[in-house]
Amino acid sequence: METTISSPPFSPELQNHLTGRLLLASEIPFSPAIISDQIKHGYVSVTSGVKCVNGQYNCVRCGNQNSALFYTFPCKICNQDCTYCRACIMMGRVSECAKLYGWIGPDLKFAVPDKVMSWDGTLTSGQQTASDCVVEAVKRKGELLVWAVCGAGKTEVLFAGIEAGLLAGKRICMATPRTDVVLELSPRLKRAFPAIEVSSLYGGSEERSKASPLTVSTTHQLFRFSEAFDVVIIDEVDAFPYSIDDSLHYAVNKSKKPSATTIYLTATPSKQMQRSYRSGKLQAVTIPARYHHKPIPVPEMKWSGNWQKQYLQKKIPPVIASWVSERLQQKIPLLLFFPSIQVMEQVIPLFQTLSPKLETVHSQHPERKERVQALRNGEVPGLLTTTILERGVTIERLDVAVIGAEHEVFSESALVQIAGRVGRSFTYPTGTITFFHYGKSKAMVEAIYHIQMMNKEAWKRGLLDG
Amino acid sequence: MARCLFCVEEMKVVLTWRSLLLKKEAMTICERCEGKLKKLAGETCSICSRELDKNYRIEDLCLDCVRWEKDKKWSGYLSINISLFHYNEFLKDMIAKYKYRGDYALAEAFVPFLKDKLKDMNFDLVTFIPLSNERLMERGFNQAQALTDLLGLNTVELLTRLHTEKQSKKSREERISLPQVFQVTKPDLLKQKSILIVDDIYTTGSTLRHAAKALKTAGATEVSSITLAR
């Protein structure tokens with residue numbers, strides 16, 4: 001008699017759902033019978049969601065170790081006192097008795113056609129240098145910082161690297177702290193890679209269960225992943241809340257395979273990242289020039305006197321009033337950045353005496369996008385705003401002023417990003433950016449130096465039109 | 001530094017002579033969150049605690065309670081219900097996090113408010129509205145029982161559920177017309193006793209009236225209730 005040795009069957013649907021993830025039973029739409037069968041055959045791993053080592057609790061999903069964010073309750077599921085994590089409770093309760101399931105069976109292979117990329121645009125020479133470094137980093141593994149000025153065209157720089165990774169059978173994730181960046185990137189990547197599945201994940205998105213070769217995700221959504229990606233690209237790595245929330249770093253690290261490539265993308269790397277770059281610990285490539293080959297407008301500093309006191313006396317400092325009036329007259333769209341919502345709400349009536357159509361935009365506005373669009377369309381002459389609009393906004397012919405630029409919320413990177421709103425388009429590559437202040441801050445001086453250095457490097461490398 | 005149980009912001013603990021001498025119950029949520037909880041105030045329905053609206057009352061009862069009390073099947077079973085807060089968006093979020101996300105810790109946030117109300121209420125025994133077994137295994141705890149546990153009162157599990165469908169999916173008519181929903185498990189314990197039922201939300205009042213009817217039929221002398229939201 002002939003005997004065949006065959007391994008027991010695994011469920012391809014479950015494999016697709018669980019590969020690279022770590023999920024609660026309630027997040028797995030399969031019957032308990034299928035799951036326990038697959039565990040028995042060694043295809044699915046099981047681990048406690050909360051572990052206690054030497055009296056210290058640890059959440060396996062979000063990395064929380066702060067004892068104040070654990071709570072012990074009489075659990076009716078395990079019938080004993082059970083400790084759960086309060087830090088990530090909004091994603092469903094992870095506790096000592098709640099198990100997390102992962103896939104440890106056969107690897108999931110994605111079908112990737114030979115011609116996977118349809119993008120055929122051209123890169124500037126600055127972009128090309130960076131693109132080559134990205135391709136090399138994807139092949140070599142390890143870390144790479146792409147330090148590209150605002151308006152350099154960062155996304156196109158990634159395409160060749162993503163293509164190389166996909167062709168090599170790698171699973172790639174583009175992560176960012178900001179949902180609007182996911183929404184903007186996802187259609188661009190789908191257009192550039194039309195033959196493969198591109199899933200986009202953000203709070204409230206639909207595409208949760210599909211495993212795909214290319215994922216665009218908020219850093220927050222990566223809490224549900226584990227050892228999934230060969231390449232992780234983090235866009236706007238210095239943006240809030242990634243910049244201050246350690247648990248998001250844990251999420252990104254957990255989502256990577258041990259041998260993964262990590263690429264950081266930003267116009268304003270943190271001091272720590274800049275130091276690692278200068279000391280040679282972190283490989284980096286810079287794109288010091290914009291895609292239109294014109295230098296970045298350098299901020300001008302103007303003393304406005306005690307602006308807070310003048311506002312309290314219902315007066316706009318004269319230098320600021322005339323800056324605004326000039327632009328209203330010449331119909332140049334303008335953005336005024338304020339250090340806080342309160343100050344902005346206080347002064348809007350004063351500014352509306354200059355033009356009743358001036359409006360405000362801040363983080364709690366439901367029609368934030370519509371108001372920015374109104375400025376773009378010329379329906380509104382200008383907006384008063386906070387650091388919420390420091391990134392991701394492009395408006396033609398824009399002039400920008402920062403009011404109270406010495407305030408601590410205006411860090412070097414915030415000021416560089418704000419200055420980066422000016423002169424972005426091909427047709428209008430110039431514009432003015434003014435820091436109105438009551439005493440220069442270190443951050444202001446450093447932001448100006450930062451922009452001057454980038455322009456200087458761009459000249460040296462011949463990336464600017466003469 | 002203590003943190004607010006709900007929003008997790010740091011709380012300033014202000015020590016005053018008043019707080020030291022009166023030994024006020026320590027607050028577990030911050031002032032901003034507490035400010036968003038709206039207490040039921042002014043003239044309220046003498047049965048269900050609803051704030052009385054001049055178009056929706058007859059004397060000191062709201063029209064809903066008038067309707068309940070007119071119906072012979074339901075009249076006189078629930079003596080009084082006390083509710084702490086309006087079921088506004090903020091409290092909806094808080095209760096959703098508590099029972100659906102399963103954040104048991106939030107029970108601690110409600111306990112000081114419950115204790116304050118219970119000072120003026122008379123009862124011999126405390127019980128709570130039970131969950132179906134299916135729901136209990138899903139959530140890991142009963143949100144009403146968690147409150148009684150933390151209150152540290154003499155609590156007895158007196159009721160079990162005969163049905164399993166979710167209450168929240170039914171209309172008022174459907175809820176009222178239901179046959180018996182609860183069964184009394186320990187009738188010998190409640191003879192000649194006045195019972196306080198704890199629950200999270202008073203919506204139509206049908207759940208509490210079903211429970212009250214079951215308890216009184218089994219021998220309780222009086223049944224009252226307390227809920228977080230109304």
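Laboratory data are not the source of any read-out in this text; all were calculated from the coordinates shown. This one's a predicted model, so the numbers in the text were calculated from it and none came from an experiment. Counting neighbours? That spans all protein chains shown, and the Cβs are built from the backbone with ideal geometry, glycine included.
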Approximate spin-label separation A:Glu396-B:Asn88, in nm, with each point projected 7 Å along Cα-to-Cβ: 4.7 nm
With Cα atoms, 0 to 90° folded angle of helix A:246-255 axis to chain A main axis: 50 degrees
Contact order relative to length of the stretch A:300-449, as percent, for alpha carbon pairs under 8 angstrom and 6 or more apart: 29 percent
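When only Cα pairs under 8 Å and 6 or more residues apart are kept, what is the percent relative contact order across chain B?
Working: 366 pairs, mean separation 49.0, N = 230.
Relative contact order, chain B: 21 percent.
Starting from the exponent 0.38 and prefactor 2.2 Å, build the expected Rg for the protein assembly as shown from its residue count and divide its actual Cα Rg by it. Mind dumping the intermediate values first?
Numbers: Rg = 31.1 Å, N = 696, 2.2 N^0.38 = 26.5 Å.
After normalising by residue count via 2.2 N^0.38 Å, the value is 1.18.
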Ranked list, fewest to most other Cβ atoms within 10 Å of each Cβ, for B:Arg57, A:Arg424: B:Arg57, A:Arg424
Residue-by-residue Karplus 3J(HN,Hα) for the stretch A:386-400, coefficients 6.51, -1.76, 1.60, Hz, glycine and proline x: 10, 4, 4, 9, 5, 10, x, 10, 10, 9, 5, 6, 5, 10, 10
Charge dipole (the protein assembly as shown, unit charges on Cβ, about Cα centre) - positive-most of A:Gly92, A:Gly161, A:Thr72: A:Thr72
Cα-only radius of gyration and Dmax that characterise the stretch A:125-287, units Å: 14.5, 43
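Sort B:216-226, A:85-95 by packing, meaning the average of other beta carbons within 10 Å per residue, with the highest value first.
Values: B:216-226: 20.1, A:85-95: 21.7.
Put in order of decreasing packing, that is A:85-95, B:216-226.
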Cleavage-rule hits, GluC sites (Glu not before Pro), the stretch A:331-387, DSSP coil, Cβ neighbours within 10 Å at most 16: A:Glu367, A:Glu379
Normalised contact order of chain A, rounded percent, pairs of Cα under 8 Å and 6 or more residues apart: 14 percent
Karplus-derived 3J(HN,Hα), 6.51/-1.76/1.60, for each residue of the stretch A:348-357, Hz, glycine and proline x: 4, x, 5, 5, 6, 6, 7, 8, x, 8
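How much of the DSSP bridge set in the protein assembly as shown is antiparallel, in percent, rounded to the nearest 5? Provide the component values of the computation, followed by the final result.
Numbers: 27 of 92 bridges.
Counting only bridges with both partners in the protein assembly as shown, antiparallel ones make up about 30 percent.
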Amide H within-cut-off set for A:Asn64, under 5 Å, with H built and near neighbours excluded: A:Cys59
For the stretch A:26-76 and the stretch A:272-312, distance of Cα centres in Å: 45 Å
Amide H contacts of A:Cys75 (H built 1.01 Å from N, under 5 Å, at least 5 apart or other chain): A:Gln80, A:Asp81, A:Cys82
Packing-based exposure ordering (other Cβ within 10 Å, fewest first) of A:Ser340, B:Ser49: A:Ser340, B:Ser49
For B:137-148, mean number of other protein chain Cβ atoms within 10 Å: 3
Rough spin-label spacing in nm, given labels placed 7 Å along Cα→Cβ, for B:Glu43 and A:Ala111: 7.3 nm
At R0 = 41 Å, FRET efficiency that the Cβ-Cβ distance of A:Lys357 and A:Ser31 yields, to 0.05: 0.10
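Compute the Cα gyration tensor for the stretch B:41-229, then decide on rounded, prolate or oblate, letting a ≥ b ≥ c be the square roots of its eigenvalues: rounded whenever a/c is under 1.5, prolate when a/b is larger than b/c in the other cases, and oblate in all that remain.
In terms of gyration-tensor shape, rounded.
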Förster radius 60 Å - calculated FRET efficiency between A:Ser325 and B:Glu173, Cβ distance, rounded to 0.05: 0.35
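Mind checking the dipole of chain A: about its Cα centre, +1 per Lys or Arg Cβ, -1 per Asp or Glu Cβ, Debye to the nearest 20?
So the dipole magnitude of chain A works out to roughly 640 debye.
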